[in-house]
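The values are calculated or read from the model by the stated rules, or taken from the named source; none is laboratory data. Nothing here was measured: the structure is a model prediction, and the numbers come from that model. Glycine also receives a Cβ, built like all others from the backbone with ideal geometry; neighbour counts cover every protein chain displayed.
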Amino acid sequence: MISTRRQFIKISGLGFGGAAIAASSVKLAHGAGLFGSDDDEQFNDLKNKRFPTYCEVCFWKCAGWTHTNDKGEIQKILGNDKDPHCYGRLCPRGTGGLGMYQDEDRLKTPLIREEKNGKQVFREASWEEALDLIAEKFNKIKAEDGAESIALLKHGTPGKHFEHLFEAFGSETVGEPAYAQCRGPREAGFAATFGSWIGSPEPTDIRDTKCLVLIGSHIGENMHNSQVQEMAQAIDNGACIITVDPRLSTAASKSKFWLPIKPATDIALLLSWMNVLIYEDLLDLNHIKDNTYGFEQLKEHVRNFTPEWAYNITNIKPDQIRKTAYEMANAAPAVIIHPGRHVAWYGDDTQRERAMAILNGLLGSWGKRGGFYLKEGFKLPSYPHPAYPHPKWTWRDLAKDYPLAGMGLTQEVIRASIPEEAGEHKVKAWLVVGTNVKKSIPHQDLVNRAIEALDFLVVVDTMPMDIVGFADVVLPECTYLERYDGIRSATNREPSIALRMPAVPPKYESKPGWWIAKQIGERMGVGEYFDYEDFSEVLDWQLQQIGSSLEEMQDIGVKNLKRKSGSLYFAEGEKVNLPTNSGKIELYSTELAAKGFDPMPKYTPHAEPEEGFYRLIYGRAPMHTFSRTANNPHLTDLKDKNTLWMNPKVAKLWGFETDEEVYLKNQDGVITSFPIAIRVTERIRWDAVYMIHGFGHTNKKLSRAYGKGACDTEMITNVKVDPIMGGTGMRENFVTFIKDNGKGTKA
Amino acid sequence: MRYGMAIDTLKCVGCGDCVVACQTENNVPFGYCRDWITETIDGTYPQVELEFRSERCNHCENSPCVRCCPTGASHIVEGGIVVVTADKCIGCSACIESCPYDARYTHPLGHVDKCTFCHHVRDYKQTTACSAVCPTSCIYFGDLDNPKSEVSMILKNRKFKDLAPEAGTKPQIFYLI
């Protein structure tokens, strides 16, 4: 679906000149070869050769060191030993992060869309011209429609700089796929139970747990670094891992119990676990009495949800349900029913997460060693700036139909951008930074209509992702290895801060996000919000306020701070006081009841595939992050395309073999842009197929990623929206296989 | 002194970090690798077993690659590490053919290349890039002759296997199972 007015530009004929990238120089003698580091005698030699950073390849933001060689070129990136996100060990994406810097397909200069001989093309532009144009357009829209009608779609660290810019000129119209498309339901579900969000990194005390329960959570395939490390520690410690998954995931293969559940039936299993725990008297009743609210209602609610009842729904045998419930009860309170991360599946996701939270509540794992620790964060003082103006409306107004929405709903920003779909508030322009909305948002039909309708679209990125082709102006951001960004300050067992600084100057004409935001701000007449020449001044000021300095952080990279909020766990027998309405763990949610939702989770059957169709499930590969790494030369070396996992029974029925390519067609007749190779494997059920998210790129300028594999997002046209918080459930989509895509191309 | 590795298949998640870390530490050109991941699947759904292995040169005590090298480029250095001297290598590929583990490749510069156990850092580091980076800490590297080394201790306490024992090469890499 390529817009006619806003033609997709394949960034062709641009004469992408500039310095040819030196592919990692091949040497026989090896450079300064050190890993591990701080305690090393050679440390002093390194000081001028390594620069602190925290990783931007995913959201885990592990701190590390960028090492340069004697020519000042980036040689490698190693983890920072002191960092609680990685304990000195980066994951493959972090280790391969230098591929983002080296990638010869990077965006190199600002680009402006123009019409030439009736055809839309990009032409290279100076920063001056591109920034002037953006400021002029934004100010015009601000004057005519209000600053609120300019929306920010963002992901990752650079988003912060643009959030500041937007708030400075009067817009809080923000959407972030990390919420409604990802972890929003768990934040709502756990907040309704314990009063606070899970947040990132998850405060799961995996290293000390006795029982880790994973429900559609793929630790090891998602490389959420410290979680993977702690799961390995838990394996060493002999912890019982229980994995619920229709697929033999990596984690499932390391589990004492793998429950190969029928997809979309998780709530039934969770309810039956509650039934066993309650009716077989496996709970600590003092804990229930002191710390929970609504136990009697819950007990009545789950009375009939026996393992035998659940077996018919989930295909999990009753004795397996009981055995796993006993494992949890024996381990309690050192047990974790992990909240997962991407949990927008079926539209009742907040309730599924509620069921997981309730189990944790019953077992008493919240605030307990081996359960959930009491996280503590640290907030740096904000660099002084004038108060932000008050917008007439914000993302909250766009999300008003979803009472528990806690962040901007990307899909509602998109809807507000389509005149015939928009309500009272209309969006006219987008600035997209760090998220490829052609891959990260389901229901691409809506996305395409929005893009077509927009007056103005600016994309800030390091790579020519699919969305770049739709921009009016493209701004090349430099990679995280070439820039300063805000201090990473995350919640952990102990609060910690980490610095990102440039190891090398920006390549080509690329610029840091902070600089771009400041330049646009100054041109829009809100320069007083950007009272600094260089972002390092902001960082130094902030660090000085807490008794550190930029100089100190350049030296150490990570600073771990002392806890101020007290103990990491509740004391034995301590009565908890939580920020819920009742002050207790709400097994019965007063908040959901007050808002007109089920106060306790119910199982609702979901649609099933018709004959010849298979449920599409998707996931992560440990060496890739979403679609953003698909062109990284180090990581494509490990995996350059996705495959379609298919049970041998299904393959036999269709006469398919491994490596045979097919197009996918979904229930709405949508066909993938590219074919995908089949992988026949016993690791998947017969009623579902599985693929890794983030492949099937349509931009030819991604020389390693273009046309490699298929894009799951294209198949997700049936979106089940969670009425509680607006999550976009993506797993009620079914695909069948075709050899001919109807355009004369055969797989 | 005899260097070797024990690699814990119960912890390895097959993420490939060992491969990337080796590439960046040792300047392995894109498209080539000195270590790699294999995935073995056994059984029928839902009784399925899965094993990931990080594989590399086994630094065999009885090494066919060294025996067949016509120039002496492939040789064994202190600690039993099998290395290739690039300057002496004529790129005949005899060693590649002889290796039962497919652990060697021809570098674009013409010589044969392979894992060195990160020999270049041995003076100051008793570890390798792959072992130091592994997020699951599943790669134990050390001196097999020293009964108190971590690798010796873990081999004493755990079940393990080696690869292609039928080749009789006496590999120095063991997989914990």
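Some observations on this one:
- Hey, B:Pro70 closer than 23 Å to B:Ala167 by Cα, in a loop (DSSP other than H, G, I, E, B) and at pLDDT 95 or above or not: yes
- Residues satisfying the stated conditions in the range A:222-238, i.e. farther than 21 Å from B:Ser131 by Cβ and buried (at least 23 other Cβ atoms within 10 Å of the Cβ): A:Asn222, A:His224
- Check on A:Lys379, charged (D, E, K, R), over 20 Å from the mean Cα position of the chain (by Cα) and either crowded, with 24+ Cβ neighbours inside 10 Å or closer than 17 Å to A:Gly199 by Cβ (or both): yes
- Output for the range A:250-278, where each listed residue is of a type outside the set (A, V, I, L, M) and in contact with a Lys or Arg (Cβ under 8 Å, 6 or more places away or on another chain): A:Lys254, A:Phe257, A:Pro260, A:Lys262, A:Pro263, A:Asp266, A:Asn275
- Residues in the range A:717-730 that are part of a loop (DSSP other than H, G, I, E, B) and either outside the structural domain of A:Val670 (by TED's automatic domain parsing) or crowded, with 24+ Cβ neighbours inside 10 Å (or both): A:Asp722, A:Ile724, A:Met725, A:Gly726, A:Gly727, A:Met730.
- Single residue of the range A:630-659 satisfying the filter (away from every other protein chain (no Cβ under 14 Å) and touching a residue at least 60 places away in the same chain (Cβ under 8 Å)) that is farthest from B:Gly43 (Cα to Cα): A:Ala630
- Only residues that are within 26 Å of B:Thr9 (Cα to Cα) and acidic (Asp, Glu) were counted in the range B:51-88, giving 3.
- Failed criterion for A:Gly655 (all others in (1) surrounded by fewer than 18 Cβ atoms within 10 Å (Cβ to Cβ); (2) at negative phi hold): (2)
- If you go through the range A:531-551 and pick out every residue that is among the charged types (D, E, K, R) and surrounded by 14 or more Cβ atoms within 10 Å (Cβ to Cβ), you end up with 2.
Here's the yes/no breakdown for (1) more than 9 Å from chain A (Cβ to nearest Cβ); (2) free of Cβ contacts under 8 Å to residues at least 12 places away in the same chain; (3) surrounded by fewer than 18 Cβ atoms within 10 Å (Cβ to Cβ):
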| position | (1), (2), (3) |
| --- | --- |
| B:Tyr101 | yes, no, no |
| B:His107 | no, no, no |
| B:Gly110 | yes, no, yes |
| B:Lys114 | yes, no, no |
| B:Cys118 | no, no, no |
| B:Lys125 | no, yes, no |
| B:Ala129 | no, no, no |
| B:Ile139 | yes, no, no |
| B:Asp143 | yes, no, no |
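- Taking the range B:30-44 as the range and being of a type in the set (S, T, N, Q) and within 8 Å of another protein chain (Cβ to nearest Cβ) as the test, only B:Thr44 passes.
- Output for the range A:628-651, where each listed residue is under 14 Å from A:Tyr614 (Cβ atoms) and of a type in the set (Lys, Arg): A:Lys649
- Within the range A:225-250, tally of residues that are closer than 24 Å to A:Pro263 by Cα and either more than 8 Å from chain B (Cβ to nearest Cβ) or part of a strand (DSSP E or B) (or both): 9
- Subset of the range B:145-159 [part of a helix (DSSP H, G or I) and within 13 Å of chain A (Cβ to nearest Cβ)]: B:Glu150, B:Ile154, B:Asn157
- The lone exception for A:Arg93 - which of (1) in a helix (DSSP H, G or I); (2) in contact (Cβ under 8 Å) with a residue 40 or more places away in the chain; (3) more than 21 Å from A:Asp466 (Cβ to Cβ) it fails: (3)
- Candidate set from the range B:1-22 (those that are facing chain A (nearest Cβ under 7 Å) and not in a loop (DSSP other than H, G, I, E, B)); member that is surrounded by the most Cβ atoms within 10 Å (Cβ to Cβ): B:Val20
- With respect to the stated conditions, A:Pro476 is outside any loop (DSSP other than H, G, I, E, B) and either modelled with pLDDT under 95 or not small (Gly, Ala, Ser) (or both).
- Hits in the range A:68-90 - residues which are facing chain B (nearest Cβ under 9 Å), of a type outside the set (Lys, Arg) and without any contact (Cβ under 8 Å) to a residue 60 or more places away in the chain: A:Gln75, A:Leu78, A:Gly79, A:Gly88
- Every condition in (1) closer than 29 Å to A:Ala251 by Cβ; (2) of a type in the set (Gly, Ala, Ser); (3) under 29 Å from the mean Cα position of the chain (by Cα) is met by A:Ala325 except one, and the failing one is (3).
- Check on B:Asn27, surrounded by 15 or more Cβ atoms within 10 Å (Cβ to Cβ) and either at pLDDT 95 or above or within 12 Å of chain A (Cβ to nearest Cβ) (or both): yes
- Criterion (away from chain B (no Cβ under 14 Å) and surrounded by fewer than 24 Cβ atoms within 10 Å (Cβ to Cβ)) met by exactly one of A:Phe194, A:Phe190: A:Phe194
- Residues located in the range B:54-82, provided they are within 14 Å of another protein chain (Cβ to nearest Cβ) and either over 12 Å from the mean Cα position of the chain (by Cα) or surrounded by fewer than 18 Cβ atoms within 10 Å (Cβ to Cβ) (or both): B:Ala73
- Filter pass, A:Ile497 being under 24 Å from A:Gly64 (Cα atoms) and in contact with a helix residue (DSSP H, G or I) (Cβ under 8 Å, 6 or more places away or on another chain): yes
- Positions within the range A:694-728 being under 17 Å from A:Gly347 (Cα atoms) and either of a type in the set (Val, Ile, Thr) or in contact with a helix residue (DSSP H, G or I) (Cβ under 6 Å, 6 or more places away or on another chain) (or both), in sequence order: A:Thr713, A:Ile716, A:Thr717, A:Val719, A:Val721, A:Asp722, A:Ile724, A:Met725, A:Gly726, A:Gly727, A:Thr728
- Qualifying residue in the range A:117-133 (condition: facing chain B (nearest Cβ under 10 Å) and touching a residue at least 40 places away in the same chain (Cβ under 8 Å)): no
- Enumeration of residues in the range A:332-356 that are closer than 19 Å to A:Pro723 by Cα and either part of a helix (DSSP H, G or I) or over 20 Å from the mean Cα position of the chain (by Cα) (or both): A:Asp349, A:Thr350, A:Gln351, A:Arg352, A:Glu353, A:Arg354, A:Ala355, A:Met356
- Scanning the range A:66-87 for residues that are assigned to a loop (DSSP other than H, G, I, E, B), surrounded by fewer than 24 Cβ atoms within 10 Å (Cβ to Cβ) and in contact with a helix residue (DSSP H, G or I) (Cβ under 8 Å, 6 or more places away or on another chain) returns A:Lys82, A:Pro84, A:Tyr87.
Every residue, every condition in (1) more than 14 Å from chain B (Cβ to nearest Cβ); (2) touching a Lys or Arg at 6+ places or on another chain (Cβ under 8 Å); (3) not aliphatic (A, V, I, L, M), yes or no:
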site	(1), (2), (3)
A:Val680	no, no, no
A:Trp686	no, yes, yes
A:His693	yes, yes, yes
A:Cys711	yes, yes, yes
A:Ile716	yes, no, no
A:Val721	yes, no, no
A:Phe737	yes, yes, yes
